[in-house]
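Colleague: Here's a structure for you.
The values are calculated or read from the model by the stated rules, or taken from the named source; none is laboratory data. Given the structure is predicted, the values throughout are model-derived calculations rather than measurements. Glycine gets a Cβ as well: all are built from the backbone with ideal geometry, and neighbour counts include every protein chain shown.
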Amino acid sequence: MSRARTQARIRALQALYSWQIAQQDLIDIEQYYLTEQDMEKADHDYFHELLFTIPAQRTALEQLFADLLDRPVDQVDPVELAILWIGSYELQTRLDIPYRVVINEAVELAKRFGAEQGHRFINGLLDKVAARARASEVGTDQRPRGTRPSSKPAPKVTVKTKRAATITTRTAEPKPERAEGERERDERPKTSKDPRRGNANRPQGREGEHKGGPRPQGARPHSKGPHKDGKSDARGERPARPPRKDHEG
């Protein structure tokens, strides 16, 4: 139905233009379009309504936008004037057609048949006519023309929160106090183990010192081997000599 009404508006615009220019009878104009033009896809009843009702209500329709013009009505381009008639008629009389549809259809007619910037003129003027003729409908519809309500759900907003860092402090446990004997052992000088020595735990002396301690001055080194008498000196010292006998005479 909307497609057929669109075609009826196109044919009505052409017929009303011819009526302004040639001042022909409306019946002859209608007969011409029904027989000579392609009206197969157009709504014939709606074409007839626009063609005969608009000229009859011309004065009342022009009162809706005459004070909004920057020039007299008779100086408006015939094509744009015919579009204003159709749009004003639908806004005031055909309340079954949403006012946005009325304005959009008029803008499309101006783009196709009007001047280069004629659609802007039609759009701005009919917006003001709609506010007068359909104040209640325009007041309840505040959404800008040409936009559609979004069917997408509102995006979810994820808020990231930082966890408070947990700091664990450890208290150092006091070491147990050592006994007196253990501390003495720890304070002893460390020894180096030499597998060639009999006593691995014996501390090493400085070079040139006697193994059993500092060697007395003039002392000879001794060996721990067996004595001539077969006896071994436990201390490692040479045995004393027997007293010397003086020879007689």
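Colleague: Give the residue that is nearest to Ser88 (Cα to Cα), with candidates limited to residues of region 1-57 that are β-branched (Val, Ile, Thr), buried (at least 16 other Cβ atoms within 10 Å of the Cβ) and free of Cβ contacts under 8 Å to residues at least 60 places away in the same chain.
Modeller: Ile54
Colleague: Sticking with this structure for a sec: Of Ala110, Ala115, which residue is among the small types (Gly, Ala, Ser), modelled with pLDDT of 95 or more and surrounded by 10 or more Cβ atoms within 10 Å (Cβ to Cβ)?
Modeller: The match here is Ala110.
Colleague: Within region 77-85, is there a residue that is surrounded by fewer than 16 Cβ atoms within 10 Å (Cβ to Cβ), out of contact with any Cys (no Cβ under 8 Å at 6 or more places or on another chain), at negative phi and not in a loop (DSSP other than H, G, I, E, B)? Full working, then the answer.
Modeller: We begin by selecting, within region 77-85, every residue surrounded by fewer than 16 Cβ atoms within 10 Å (Cβ to Cβ); these are 77-78.
The next check asks that each one be out of contact with any Cys (no Cβ under 8 Å at 6 or more places or on another chain); those that pass are 77-78.
Subset that is at negative phi: 77-78.
Now restrict to residues that are not in a loop (DSSP other than H, G, I, E, B): 78.
Looking for residues that are surrounded by fewer than 16 Cβ atoms within 10 Å (Cβ to Cβ), out of contact with any Cys (no Cβ under 8 Å at 6 or more places or on another chain), at negative phi and not in a loop (DSSP other than H, G, I, E, B), one finds at least one in region 77-85, hence yes.
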